[in-house]
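Visitor: Here you go, one structure.
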Amino acid sequence: MTKVYGFKEISRETLPELNGDAVIYEHEKTGGRVLSVINADENKTFGISFRTPPADSTGLPHILEHSVLCGSRKYPVKEPFVELLKSSLQTFLNAMTYPDKTVYPVASPNEQDFRNLVGVYLDAVFFPNLTPNTLMQEGWHYVPEENGKLSYKGVVFNEMKGAYSSPDSLLYEHAQHSLFPDTTYGLDSGGNPEVIPDLTFEDFMNFHKKYYHPSNSYAFFYGDDDPEHRLKMLDEYFNQFEKIDPESAIGIQAPFTTPVVIEDKYDASDDGNQKAMFVVNFGLGHERNARIDLELEVLELVLIGLPSSPLRKALTDSELGEDIAGVGLENELRQLYFSTGLKGIETEDAPKVEELIFSTFKDLATNGINAEDLEAAINTIEFDLRENNTGSYPRGLSVMTTAMTSWLYDGDPLEHIRYEKPIADLKKRLADGEKIFEPLIQKLFVDNNYRSTVLLTPDTKVGAEREKREEVKLEKARSAMSDAEFKAVIKKADELQEEQEAPDSPEALDTIPRLKVADLPLEGIEIVCEKKGELLFHDLDTNGILYLDLAFNFSGLPDRLLPYLSVFGRILLQTGTKSTDFVTMNRRMAAKTGGISPSSIVATKHGTTDTFSRFVLRGKATADRTGDLIEIISELLLEANLDNRDRVRQIVLESKARMEQHLIPSGHMIAALRMKARFSEAGFINELMNGVSNLQFLRELAERVENDFASVVADLEEIRATILNQANLLSNVTLDGKTYNTISSALGDLSSALPAGSSSTAKRNLLSFEKMEGLCIPAQVNYVAKGTNVYDYGYKYSGSAQVVSRYLRTGYLWDKVRVQGGAYGSFSMFDRTAGSLSFVSYRDPNLKRTLDTYDGVADYLRKIEVNNDELEKTILGGIGDIDSYMLPDAKGYTSMVRHLSGEDAAFRQELREQVLASSENDFRLFAEAAQSVADHGDVVVLGSRKAMEESGLDLKLVDIL
């Protein structure tokens, strides 16, 4: 048996699914497990995972996930994670807590940088510098107030306050907990804010000692780096431990014989906009293998995966609610479950929703599944697996996540990665006439008493009651303290603040490994782009997949029609056509293509104040299906039934519900959009299409669909007539050149089928906004933004602005807003095209303190001394941003955006050189931009009305949820 660096090889096989070899090792001394994937992917990925089943809902696994990245034995800085963010070429750097595991993944296309990341992460997880102050900062601690009372602070504490403010998050937690009350899945590994303060330092340390051990670890490598060096790095750490039994096995929930009923409430404002949410959840057993998982994935797609899927359609057609609810198939845990229902329902309609779900299941089990639905589902899954398009995430991370679905539970890590044979077998069984899915529906849904229902209803008292419970708990803790104990609390809080404010020593910072600026290429790599009339072509290896973007100029749309674009694309794709009904068209798209989706691009043109705006249909298919893709797109563009009232109603209500649920998890982006609307035409349009203005529009549109649908259809037809023509079209194609030559004429046919049309530009009337705006939602946390257009105050752009802005995000703002302020995060957002500079916080317990921090940026930048070491780190990170790793479709799309913006290769090279040449003087220059924000900036706060009223800030308050 092969042995390398203390590891024995268990198995080795070549997998076409991975375009390489997969080798499984075991560490002889500790039993540590390794899956090593060796292929040609330059975006190298590493991850180490631990089984971490919680014993309660104090959030211990989550808090520990944060804490181990706050300094270690070999790297004794306060936050190695942040130092790596500053200076690495990383394409992924994070950590995630799941209900039963904690995962630490990194990725980089540069091999030395990759090794540096792996080394820091291994030292972090095995030898962290865990102290009481670490738990206080990342978990929770008492804060003594001037009035002698106490409050809570902590990064995870406030993060989870944000999560518990989200009705969707609550619905997910209740669904999972209701099905698995006797196992780890019945607890909240992230942490319940009402329970987090019960966590002790002793439990904190014991948890790390027990579970963060090689014997409980699952190490993963992927990419084109040296496979033997992988094992050498691991052995250096594994070899420092002795084998133990971590006793971390994940228990199995015994099925119920009687369904469980859960009813709870979520925090709502008193404007009546929010309604109830209801889901039915089915436990599907614990047996897992590639065949079963594939069958269930196909079944999920058949049932709810497409807008035309029978269960989804039954729910949305019922008019009982606004959008589908539930996670569908949850397959990342030891035991699978399926959850579905509706949100936006009247409370009394919950039994009707449940009855509808079961009647649909019974009908499908008895009368059978449409063969075309099966074909569409299988094609969708097969296309996704073969394309392996993970977007901005490394492909290796997706492989690791898939491996863990069996590996963590002592199964074969490659079980669910080998998809070729299970798909072929499934197709053959269906071709032979075997009934596979109807018996599954009967067994798993119709006859299954191992299930639960969860009904969440809005209640305006929930927030106040939660705050009262916290207040009582704090008062009880305070009254139990002697004067000496309270003084000790004050001393601890002061000591923590002193530690947080103290800079790392140069010697400690020097321990963090990194590349040198001299190691970076002076010239950037341009994306290949050939202009062929009104078509851009990118000759890239796409593994035989055609990526087609049809970008229509919509600058001619009047202001009143701009908000429609948030739903116009879905209406175009999901209402059927004059020739094909909605259900048949959706099946065709799924069976013949890799998907067609709408998006929009709005930005300021480079070097001007002009705006470019494009409505984009993004389609993809295997090259041999080009004809199908183009035929479908042509029919949709020319014949879509924009007057299909039922479908338009459903799409508008779904979009409204999704926007409402988006407010809390993505509040920082909503606040940033609202801020940028003030400073450029592009910002104004984006807010109309995607921000709070759009939510208000969607609410009004839902009423118009009911009461004046004819005017809605007239507007939709005007949009189609105005923008969907040859004059407005720019086609963007990403494919290898040889294959492109075989399909180019078909692409020409698509363009010529459109009306000739004309292109125009409408005059915009930008709205005025309040200088100090408070957008009120029922939440326990806030999202605080302040910004202005710094070009209006004389700031001249240089590429160094991106370096300084990045430096603020990972330095001053991180320290002041997150570490010391207890928010989950803070950002410096600089839009170089429009000139807007905004500072924004995420899940923030503060308001005025955060705004004061923003106003201190200029003074901070004027006074700091940026030594060469710090400067070099920041430049490295800046180049990492510029050279971000992209898959072929993203390269093609990015190139198109650059073309539309007018940013040419010469400008990008100039920007790169400015980044590389950044100096301390650039920080002083940026201080003037930050001063403009302090002196002239607008303020947007999204969050708690009570917090805003008590802040002393002169905010104009408006309830939006």
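The values are calculated or read from the model by the stated rules, or taken from the named source; none is laboratory data. Because the structure is a prediction, the values reported are computed rather than measured. Cβ coordinates were reconstructed from backbone atoms using ideal geometry, including for glycine residues, and neighbour counts include every protein chain displayed.
Visitor: Any residue at all in the range 774-794 that's of a type in the set (A, V, I, L, M) and within 30 Å of Q914 (Cα to Cα)?
Guide: For the range 774-794, residues of a type in the set (A, V, I, L, M) and within 30 Å of Q914 (Cα to Cα): present.
Visitor: Check the range 673-689 and report whether any residue there is of a type in the set (G, A, S), in contact with a Ser or Thr (Cβ under 6 Å, 6 or more places away or on another chain), crowded, with 21+ Cβ neighbours inside 10 Å and in contact (Cβ under 8 Å) with a residue 60 or more places away in the chain. I'd like the intermediate steps shown before the answer.
Guide: Going through the range 673-689, the residues of a type in the set (G, A, S) turn out to be 677, 680, 682-683.
Next, only the ones that are in contact with a Ser or Thr (Cβ under 6 Å, 6 or more places away or on another chain) stay: 680, 682.
Still in the running and crowded, with 21+ Cβ neighbours inside 10 Å: 680, 682.
So of that shortlist, the ones also in contact (Cβ under 8 Å) with a residue 60 or more places away in the chain come out as 680, 682.
Yes, some residue in the range 673-689 is of a type in the set (G, A, S), in contact with a Ser or Thr (Cβ under 6 Å, 6 or more places away or on another chain), crowded, with 21+ Cβ neighbours inside 10 Å and in contact (Cβ under 8 Å) with a residue 60 or more places away in the chain.
Visitor: Checking Q137 against (1) in a helix (DSSP H, G or I); (2) in contact (Cβ under 8 Å) with a residue 60 or more places away in the chain; (3) over 20 Å from D203 (Cα atoms), which single condition isn't satisfied?
Guide: Of the numbered conditions (1) in a helix (DSSP H, G or I); (2) in contact (Cβ under 8 Å) with a residue 60 or more places away in the chain; (3) over 20 Å from D203 (Cα atoms), the odd one out for Q137 is (3).
Visitor: Further question on the same structure: Take the residues of the range 254-292 that are of a type in the set (S, T, Y) and in contact with a strand residue (DSSP E or B) (Cβ under 9 Å, 6 or more places away or on another chain): which is farthest from T347 (Cα to Cα)? Reasoning before the result, please.
Guide: At the first step, the residues of the range 254-292 found to be of a type in the set (S, T, Y) are 257-258, 266, 269.
Keeping just the survivors that are in contact with a strand residue (DSSP E or B) (Cβ under 9 Å, 6 or more places away or on another chain) gives 266, 269.
Details: Y266: 13, S269: 17 Å.
Step by step, filter the range 254-292, then rank; the result is S269.
Visitor: Say whether the condition of being surrounded by 17 or more Cβ atoms within 10 Å (Cβ to Cβ), closer than 30 Å to Y164 by Cα and within 30 Å of the chain's Cα centre (by Cα) is met by at least one residue in the range 788-796. Before you say what the answer is, go through the steps one by one.
Guide: Keep residues of the range 788-796 that are surrounded by 17 or more Cβ atoms within 10 Å (Cβ to Cβ), which gives 788-791, 795.
This time we only want the ones that are closer than 30 Å to Y164 by Cα, so: none.
Checked against the condition, which is being surrounded by 17 or more Cβ atoms within 10 Å (Cβ to Cβ), closer than 30 Å to Y164 by Cα and within 30 Å of the chain's Cα centre (by Cα), the range 788-796 yields no hits at all.
Visitor: Just checking, how many residues over the range 662-695 are among the aromatic types (F, W, Y) and either within 20 Å of the chain's Cα centre (by Cα) or within 21 Å of S828 (Cβ to Cβ) (or both)? Step through it out loud before you land on a result.
Guide: Within the range 662-695, the first condition is being among the aromatic types (F, W, Y), and the residues that meet it are 679, 684.
Applying the additional criterion that residues be either within 20 Å of the chain's Cα centre (by Cα) or within 21 Å of S828 (Cβ to Cβ) (or both) yields 679.
Going through the range 662-695 one residue at a time, the tally reaches 1.
Visitor: Still on this structure, please answer the following. Return yes or no: is K738 surrounded by fewer than 16 Cβ atoms within 10 Å (Cβ to Cβ), without any contact (Cβ under 8 Å) to a residue 40 or more places away in the chain, part of a loop (DSSP other than H, G, I, E, B) and not assigned by TED's automatic domain parsing to the domain that holds A890?
Guide: Details: surrounded by fewer than 16 Cβ atoms within 10 Å (Cβ to Cβ): yes; without any contact (Cβ under 8 Å) to a residue 40 or more places away in the chain: yes; part of a loop (DSSP other than H, G, I, E, B): no; not assigned by TED's automatic domain parsing to the domain that holds A890: yes.
No.
Visitor: Could you tell me which numbered condition P558 fails, if it satisfies all but one of (1) in contact (Cβ under 8 Å) with a residue 40 or more places away in the chain; (2) surrounded by 12 or more Cβ atoms within 10 Å (Cβ to Cβ); (3) not assigned by TED's automatic domain parsing to the domain that holds I632?
Guide: (3)
Visitor: From the set of residues in the range 511-544 that are part of a strand (DSSP E or B), touching a residue at least 60 places away in the same chain (Cβ under 8 Å) and touching a strand residue (DSSP E or B) at 6+ places or on another chain (Cβ under 6 Å), which is surrounded by the fewest Cβ atoms within 10 Å (Cβ to Cβ)?
Guide: L535
Visitor: Can you tell me which residue among D188, D245, D225 is of a type in the set (D, E), modelled with pLDDT of 95 or more, assigned to a loop (DSSP other than H, G, I, E, B) and farther than 30 Å from E138 by Cβ? Working first, answer last.
Guide: Working: D188 fails: farther than 30 Å from E138 by Cβ; D245 fails: farther than 30 Å from E138 by Cβ.
Every option except D225 fails the conditions.
Visitor: Condition test on A930, is it farther than 30 Å from P513 by Cβ, part of a helix (DSSP H, G or I) and modelled with pLDDT of 95 or more?
Guide: Values: farther than 30 Å from P513 by Cβ: yes; part of a helix (DSSP H, G or I): yes; modelled with pLDDT of 95 or more: yes.
Here the answer is yes, as A930 does meet what is asked.
Visitor: Let me ask something additional. If V68 satisfies all but one of (1) in contact (Cβ under 8 Å) with a residue 12 or more places away in the chain; (2) touching a strand residue (DSSP E or B) at 6+ places or on another chain (Cβ under 8 Å); (3) surrounded by fewer than 24 Cβ atoms within 10 Å (Cβ to Cβ), what's the number of the condition it fails?
Guide: (3)
Visitor: OK, next. Just the residues that are of a type in the set (D, E, K, R) and either farther than 30 Å from E346 by Cα or touching a residue at least 40 places away in the same chain (Cβ under 8 Å) (or both), please, taken from the range 468-484.
Guide: In the first step, residues of the range 468-484 are kept if they are of a type in the set (D, E, K, R); the result is 468-471, 473, 475-476, 478, 483.
If the condition is that a residue be of a type in the set (D, E, K, R) and either farther than 30 Å from E346 by Cα or touching a residue at least 40 places away in the same chain (Cβ under 8 Å) (or both), then R469, E470, E471, K473, E475, K476, R478, D483 are the ones that fit.
Visitor: Okay, moving on. I need a count of the residues in the range 579-618 that are without any contact (Cβ under 8 Å) to a residue 60 or more places away in the chain and of a type in the set (G, A, S).
Guide: Matching residues across the range 579-618 total 2.
Visitor: Go through the range 61-89 and give me each residue that's out of contact with any Ser or Thr (no Cβ under 8 Å at 6 or more places or on another chain) and hydrophobic (A, V, I, L, M, F, W, C).
Guide: I63, V68, L69, F81, L84
Visitor: Sticking with this structure for a sec: Just the residues that are in a helix (DSSP H, G or I) and under 26 Å from the mean Cα position of the chain (by Cα), please, taken from the range 573-582.
Guide: Within the range 573-582, the first condition is being in a helix (DSSP H, G or I), and the residues that meet it are 573, 582.
Within the range 573-582, L573 is the sole residue that qualifies.
Visitor: Also, I was wondering about something else. Being exposed (fewer than 14 other Cβ atoms within 10 Å of the Cβ) and either touching a Pro at 6+ places or on another chain (Cβ under 7 Å) or not charged (D, E, K, R) (or both) is the filter here, so list the residues in the range 348-377 that pass it.
Guide: Across the range 348-377, the qualifying residues are P351, F358, S359, T366, N367, G368, A371.
Visitor: Follow-up question, since we're still on this one. Those residues that are surrounded by 14 or more Cβ atoms within 10 Å (Cβ to Cβ), of a type outside the set (D, E) and within 25 Å of P99 (Cα to Cα), I need them from the range 250-270; list them, please. It would help to see each step written out before you state the result.
Guide: Of the range 250-270, the ones surrounded by 14 or more Cβ atoms within 10 Å (Cβ to Cβ) are 250-253, 255-256, 259-260, 262-269.
Right, trim to of a type outside the set (D, E) and you get 250-253, 255-256, 259-260, 262, 265-266, 268-269.
Result: I250, G251, I252, Q253, P255, F256, P259, V260, I262, K265, Y266.
Visitor: Is it the case, given these coordinates, that D883 is closer than 30 Å to L729 by Cα, modelled with pLDDT under 95 and not polar (S, T, N, Q)? Talk me through it step by step, then tell me what you get.
Guide: Numbers: closer than 30 Å to L729 by Cα: yes; modelled with pLDDT under 95: yes; not polar (S, T, N, Q): yes.
Answer is yes for this residue.
Visitor: Right, here's the next one. Could you give me the residue pairs with C-beta distances under 7 Å whose first residue belongs to the range 485-510 and is closer than 19 Å to V77 by Cβ and outside the structural domain of I864 (by TED's automatic domain parsing), whose second residue is buried (at least 16 other Cβ atoms within 10 Å of the Cβ) and of a type in the set (A, V, I, L, M) wherever it lies, and which are 6+ apart or on separate chains?
Guide: L496/M136; Q500/V819; D504/V77; A508/V77; L509/V77
Visitor: Separate question: Quick check: anything in the range 593-602 in a loop (DSSP other than H, G, I, E, B), assigned by TED's automatic domain parsing to the domain that holds Y547, closer than 30 Å to F907 by Cα and touching a Gly at 6+ places or on another chain (Cβ under 6 Å)?
Guide: Within the range 593-602, the subset in a loop (DSSP other than H, G, I, E, B) is 593-594.
Checking which are assigned by TED's automatic domain parsing to the domain that holds Y547 leaves us with 593-594.
Going one step further and asking which of them are closer than 30 Å to F907 by Cα, we end up with none.
No, every residue in the range 593-602 fails to be in a loop (DSSP other than H, G, I, E, B), assigned by TED's automatic domain parsing to the domain that holds Y547, closer than 30 Å to F907 by Cα and touching a Gly at 6+ places or on another chain (Cβ under 6 Å).
Visitor: Scanning for something within 26 Å of the chain's Cα centre (by Cα), buried (at least 23 other Cβ atoms within 10 Å of the Cβ) and assigned to a helix (DSSP H, G or I), does the range 628-650 turn up at least one residue?
Guide: From the range 628-650, those within 26 Å of the chain's Cα centre (by Cα) are 650; that's our starting set.
Among the residues that remain, those that are also buried (at least 23 other Cβ atoms within 10 Å of the Cβ) are: 650.
Next cut, assigned to a helix (DSSP H, G or I) only: 650.
Yes - at least one qualifying residue is present in the range 628-650.
Visitor: Still on this model: Pull out all pairs, ordered by first then second residue, where Cβ-Cβ is under 8 Å, the residues are six or more apart or on different chains, the first lies in the range 391-404 and is under 11 Å from L18 (Cα atoms), and the second is surrounded by fewer than 24 Cβ atoms within 10 Å (Cβ to Cβ) and aromatic (F, W, Y).
Guide: Between residues of the range 391-404 that are under 11 Å from L18 (Cα atoms) and residues that are surrounded by fewer than 24 Cβ atoms within 10 Å (Cβ to Cβ) and aromatic (F, W, Y), there is no close pair.
Visitor: A further question follows. Exactly one of (1) assigned to a helix (DSSP H, G or I); (2) surrounded by fewer than 21 Cβ atoms within 10 Å (Cβ to Cβ) is unmet by S655. Its number?
Guide: (2)
Visitor: Quickly run through the range 795-819 and pick out the residues that are small (G, A, S) and under 11 Å from T874 (Cα atoms).
Guide: First, pick out the residues of the range 795-819 that are small (G, A, S): 798-801, 805, 811.
Scanning the range 795-819 gives S800, S805, G811.
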